[in-house]
Amino acid sequence: VAPPAVVSDLRSAVGDAHVLVDEDARAGYETDWSGRYTGRAVAVVRPGTTHEVAEVLRICRTAGVDVVPQGGNTGLVGGGVPRPEGSTERPAIVLSTRRLGGVSAADPDAMQLTAGAGVTIAEWQAAARAVGLDAPLDFAARDSATVGGAIATNAGGSRVLRFGTMRSQVAGIEAVLADGRVVGSLAGLPKETAGLHWPSVLTGSEGTLAVVTAARLRLVPRFEHVVTALVATASIGEAVDLTGRLRRQLGSLDSVEIIDPAALALVGGHLGRAAPVTPPPGGAALLVECAGHVDPTSDLVAALGDIAGDSAVAVDPLQRAHLIAFRDRITEAMNQASAGGVPPFKLDVAVPLGALEELAAVARRAAADDGCRLIAFGHLAEGNLHLNHLGARDPATIAATVLSAVADLGGTISAEHGIGIAKTPWLHLVRSSADLGAQAAVRAALDPAGILNPGVLAPRPPAIGRAATPTAPQVP
Ligand code: LAC
Ligand code: ZN
């Protein structure tokens with residue numbers, strides 16, 4: 001229970017309408033997109049300016065109230081919602097950055113624009129397209145996920161092979177420290193060597209070092225010609241070889257996504273139509289996209305070589321959308337398949353490409369041992385698989401098995417979703433104690449009272465999330 005004085009101070013800072021205390025109003029901010037992680041906030045606070053963010057942080061710091069920063073609430077690891085009840089000593093607020101909107105100062109020559117932290121990925125794309133350019137980032141949650149959240153998690157998505165992760169897109173940043181001081185710059189100078197680089201420091205810090213309020217973002221060319229192909233391969237090894245060939249041969253290659261046969265069948269059932277290709281068990285379907293100022297279709301077909309026989313290629317926007325649905329709507333299909341039951345248990349991992357086949361085998365065995373249904377898909381060029389376990393009996397054992405194997409294979413326990421609270425118990429698998437100690441020291445220096453997102457990115461007991469009835473994800 002928060003001291004009532006805090007709520008009235010917060011109301012004075014951001015206005016009554018932007019401090020949500022009723023259970024119904026808070027609910028959509030208290031459970032994350034996975035449906036597995038949930039907690040209680042004394043209030044959801046929605047500041048509309050950087051100054052208001054600073055005020056909110058000062059009030060919370062003085063009162064000893066924890067702050068959970070939240071963007072579009074499309075996170076899957078419990079990092080943007082309050083900690084589970086009973087796991088923290090202090091009350092917490094959710095600081096929603098959704099009202100920090102607005103795109104400004106688009107510069108087509110520098111190929112940059114400035115966006116508030118609450119701008120969605122789709123809004124960033126639209127603002128870029130309005131000046132004849134595009135955003136370098138894209139993923140299925142584009143309509144809800146925000147720039148601030150993408151920075152906090154170093155989000156990736158489908159265009160990473162061409163343009164890099166969110167880290168590569170942030171040319172400048174503005175953020176508020178736990179004591180209310182504002183740091184960073186939105187100048188966006190591509191070259192600047194005047195000390196610590198705040199975009200680098202804060203990207204991927206999951207709301208533990210500061211609250212990001214705005215960013216200077218990179219733009220990329222808007223390609224007039226886009227071609228999409230859905231291709232079946234007989235094995236993951238073959239898929240990896242093909243991806244390497246496409247990367248070497250095609251300057252226009254934009255994305256290579258991988259869909260395992262079980263995921264393809266599930267999404268096909270959900271869409272009410274079979275996929276145009278059928279990979280064998282142990283094989284994979286790849287969704288390949290090329291984009292260029294000249295039509296890349298013939299180059300793509302040539303690069304596909306023999307495999308072009310077992311593929312569907314589309315240039316028409318509607319036909320492309322039909323193929324893309326087999327990738328973009330898998331999550332929706334899984335949610336429907338598990339509706340009314342326990343939400344799927346998800347792991348986001350990556351390994352060096354040469355180890356991908358082995359990772360897939362480990363994941364299949366772990367799921368078979370548990371008796372659950374495994375739906376795997378992801379971003380092939382980064383060796384990044386999303387492993388989704390439907391009806392898992394023992395998620396902790398699955399996680400321990402898969403994440404240990406990932407570490408042994410030289411991979412990472414989180415490729416793009418972050419650590420949140422879900423993976424803190426396994427951070428030691430990929431970070432040495434010297435490394436974790438140094439990170440804790442940086443955190444303590446910037447936030448000595450420890451109010452920013454406690455429990456996230458810091459070792460705690462396993463948090464596998466509740467096994468309860470899922471609530472429909474609600475995004476403001
Ligand atoms: C995707 C999200 C789950 O790739 O990262 O669809
Ligand atoms: Zn992904």
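Being assigned to a loop (DSSP other than H, G, I, E, B) and out of contact with any strand residue (DSSP E or B) (no Cβ under 8 Å at 6 or more places or on another chain) is the filter here, so list the residues in segment 1-39 that pass it. Break it down into steps so the answer makes sense when it comes.
As a first pass, look at segment 1-39 and keep what is assigned to a loop (DSSP other than H, G, I, E, B): 1-3, 15, 21-22, 32-37, 39.
Of everything in segment 1-39, those that are assigned to a loop (DSSP other than H, G, I, E, B) and out of contact with any strand residue (DSSP E or B) (no Cβ under 8 Å at 6 or more places or on another chain) turn out to be VAL1, PRO3, GLY15, ASP22, TRP33, GLY35.
When you scan segment 150-164, do you find a residue that is modelled with pLDDT of 95 or more, more than 16 Å from ligand 2 (Cβ to nearest atom), crowded, with 19+ Cβ neighbours inside 10 Å and not polar (S, T, N, Q), even just one?
First, the residues of segment 150-164 that are modelled with pLDDT of 95 or more: 150-164.
When the remaining residues are screened for being more than 16 Å from ligand 2 (Cβ to nearest atom), the result is 151.
Now drop any that are not crowded, with 19+ Cβ neighbours inside 10 Å, which leaves 151.
Still in the list and also not polar (S, T, N, Q): 151.
Within segment 150-164, one or more residues are modelled with pLDDT of 95 or more, more than 16 Å from ligand 2 (Cβ to nearest atom), crowded, with 19+ Cβ neighbours inside 10 Å and not polar (S, T, N, Q).
Scanning segment 333-362 for residues that are among the small types (Gly, Ala, Ser), away from ligand 1 (no atom under 12 Å from the Cβ) and in contact (Cβ under 8 Å) with a residue 40 or more places away in the chain, which turns out surrounded by the most Cβ atoms within 10 Å (Cβ to Cβ)? Outline the logic, then answer.
Within segment 333-362, the first condition is being among the small types (Gly, Ala, Ser), and the residues that meet it are 333, 337-341, 350, 354-355, 360-361.
Retained after the next criterion (residues that are away from ligand 1 (no atom under 12 Å from the Cβ)): 337-341, 354-355, 360-361.
Among the residues that remain, those that are also in contact (Cβ under 8 Å) with a residue 40 or more places away in the chain are: 337-341, 354-355, 360.
Working: ALA337: 17, SER338: 17, ALA339: 11, GLY340: 7, GLY341: 13, GLY354: 12, ALA355: 19, ALA360: 23.
Going through the qualifying residues, I end up with ALA360.
Quick check: is even one residue across segment 388-396 under 20 Å from GLY283 (Cβ atoms), within 16 Å of ligand 2 (Cβ to nearest atom) and surrounded by 20 or more Cβ atoms within 10 Å (Cβ to Cβ)?
Keep residues of segment 388-396 that are under 20 Å from GLY283 (Cβ atoms), which gives 388.
Add one more test, that the residue is within 16 Å of ligand 2 (Cβ to nearest atom), and what stays is 388.
Imposing the further condition that a residue be surrounded by 20 or more Cβ atoms within 10 Å (Cβ to Cβ) reduces the set to 388.
Yes, there is a match, as at least one residue in segment 388-396 is under 20 Å from GLY283 (Cβ atoms), within 16 Å of ligand 2 (Cβ to nearest atom) and surrounded by 20 or more Cβ atoms within 10 Å (Cβ to Cβ).
For CYS60, which of the numbered conditions (1) outside any loop (DSSP other than H, G, I, E, B); (2) surrounded by fewer than 24 Cβ atoms within 10 Å (Cβ to Cβ) fails to hold?
Among (1) outside any loop (DSSP other than H, G, I, E, B); (2) surrounded by fewer than 24 Cβ atoms within 10 Å (Cβ to Cβ), CYS60 violates only (2).
Taking into account only those residues within segment 186-243 that are charged (D, E, K, R) and in a loop (DSSP other than H, G, I, E, B), which is surrounded by the most Cβ atoms within 10 Å (Cβ to Cβ)? Lay out the reasoning, then the answer.
Within segment 186-243, the subset charged (D, E, K, R) is 191-192, 206, 216, 218, 222, 224, 238, 241.
If we keep only those that are in a loop (DSSP other than H, G, I, E, B) as well, we get 191-192, 206, 222, 224.
Values: LYS191: 4, GLU192: 12, GLU206: 24, ARG222: 15, GLU224: 10.
Only one residue tops the list, namely GLU206.
Would you call LEU76 part of a helix (DSSP H, G or I), within 15 Å of ligand 2 (Cβ to nearest atom) and over 18 Å from VAL201 (Cβ atoms)?
On the way: part of a helix (DSSP H, G or I): no; within 15 Å of ligand 2 (Cβ to nearest atom): yes; over 18 Å from VAL201 (Cβ atoms): yes.
For LEU76, the condition - part of a helix (DSSP H, G or I), within 15 Å of ligand 2 (Cβ to nearest atom) and over 18 Å from VAL201 (Cβ atoms) - is not met.
Where the second residue is surrounded by fewer than 24 Cβ atoms within 10 Å (Cβ to Cβ) and the first is among the acidic types (Asp, Glu) and lies in segment 39-60, which pairs have Cβ atoms under 8 Å and are six or more apart or on separate chains?
GLU52/ALA13; GLU52/VAL14; GLU55/ALA13; GLU55/VAL14; GLU55/GLY180
Quick check: anything in segment 389-402 within 16 Å of ligand 1 (Cβ to nearest atom) and of a type outside the set (A, V, I, L, M)?
Yes, segment 389-402 contains at least one residue that is within 16 Å of ligand 1 (Cβ to nearest atom) and of a type outside the set (A, V, I, L, M).
Based on this model, can you work out whether LEU318 counts as away from ligand 2 (no atom under 16 Å from the Cβ) and in a helix (DSSP H, G or I)? Spell out how you get there, then give the answer.
Working: away from ligand 2 (no atom under 16 Å from the Cβ): yes; in a helix (DSSP H, G or I): yes.
When the stated conditions are applied, LEU318 passes them.
Take the residues in segment 363-382 that are within 16 Å of ligand 1 (Cβ to nearest atom) and part of a helix (DSSP H, G or I), then tell me which one is farthest from ARG248 (Cα to Cα).
Taking segment 363-382 as the starting set, the residues that turn out to be within 16 Å of ligand 1 (Cβ to nearest atom) are 363, 374-382.
The next check asks that each one be part of a helix (DSSP H, G or I); those that pass are 363, 380-382.
Details: ALA363: 29, LEU380: 15, ALA381: 12, GLU382: 15 Å.
Looking at the filtered set, the residue picked out is ALA363.
Of the residues that make up segment 411-421, is at least one over 28 Å from LEU286 (Cβ atoms), of a type in the set (Gly, Ala, Ser) and within 16 Å of ligand 1 (Cβ to nearest atom)?
First, the residues of segment 411-421 that are over 28 Å from LEU286 (Cβ atoms): 419-421.
Now restrict to residues that are of a type in the set (Gly, Ala, Ser): 420.
Of the ones still in play, those that are also within 16 Å of ligand 1 (Cβ to nearest atom) are 420.
There is at least one residue in segment 411-421 that is over 28 Å from LEU286 (Cβ atoms), of a type in the set (Gly, Ala, Ser) and within 16 Å of ligand 1 (Cβ to nearest atom).
For segment 119-149, enumerate the residues that are within 16 Å of ligand 2 (Cβ to nearest atom) and among the acidic types (Asp, Glu).
Selection gives ASP138, ASP143.
Taking only segment 409-429 into account, find how many residues are more than 15 Å from VAL77 (Cβ to Cβ) and either hydrophobic (A, V, I, L, M, F, W, C) or within 16 Å of ligand 2 (Cβ to nearest atom) (or both).
Start the filter on segment 409-429 by keeping residues that are more than 15 Å from VAL77 (Cβ to Cβ), which leaves 409-411, 428-429.
Imposing the further condition that a residue be either hydrophobic (A, V, I, L, M, F, W, C) or within 16 Å of ligand 2 (Cβ to nearest atom) (or both) reduces the set to 409, 411, 429.
Summing the residues that are more than 15 Å from VAL77 (Cβ to Cβ) and either hydrophobic (A, V, I, L, M, F, W, C) or within 16 Å of ligand 2 (Cβ to nearest atom) (or both) in segment 409-429 gives 3.
Is it the case, given these coordinates, that LEU385 is touching a Ser or Thr at 6+ places or on another chain (Cβ under 9 Å), under 30 Å from GLY148 (Cα atoms) and within 16 Å of ligand 1 (Cβ to nearest atom)?
Numbers: touching a Ser or Thr at 6+ places or on another chain (Cβ under 9 Å): no; under 30 Å from GLY148 (Cα atoms): yes; within 16 Å of ligand 1 (Cβ to nearest atom): yes.
It is false that LEU385 is touching a Ser or Thr at 6+ places or on another chain (Cβ under 9 Å), under 30 Å from GLY148 (Cα atoms) and within 16 Å of ligand 1 (Cβ to nearest atom).
Return the residue satisfying two criteria in turn: it lies in segment 250-298 and is assigned to a helix (DSSP H, G or I) and surrounded by fewer than 15 Cβ atoms within 10 Å (Cβ to Cβ), and of such residues it is farthest from ligand 2 (Cβ to nearest atom). Don't jump to the end; show me each part of the working.
Going through segment 250-298, the residues assigned to a helix (DSSP H, G or I) turn out to be 261-271, 297-298.
Add one more test, that the residue is surrounded by fewer than 15 Cβ atoms within 10 Å (Cβ to Cβ), and what stays is 269, 298.
Details: GLY269: 21, SER298: 30 Å.
In this case the residue turns out to be SER298.
Could you identify the single residue in VAL183, VAL240, VAL212 that is touching a residue at least 40 places away in the same chain (Cβ under 8 Å), out of contact with any Gly (no Cβ under 7 Å at 6 or more places or on another chain) and of a type outside the set (S, T, N, Q)?
Working: VAL183 fails: touching a residue at least 40 places away in the same chain (Cβ under 8 Å); VAL212 fails: out of contact with any Gly (no Cβ under 7 Å at 6 or more places or on another chain).
Being touching a residue at least 40 places away in the same chain (Cβ under 8 Å), out of contact with any Gly (no Cβ under 7 Å at 6 or more places or on another chain) and of a type outside the set (S, T, N, Q) holds for just one of VAL183, VAL240, VAL212, which is VAL240.
The values are calculated or read from the model by the stated rules, or taken from the named source; none is laboratory data. Just so it is clear, the model here is predicted, and its values are computed rather than measured. Counting neighbours? That spans all protein chains shown, and the Cβs are built from the backbone with ideal geometry, glycine included.
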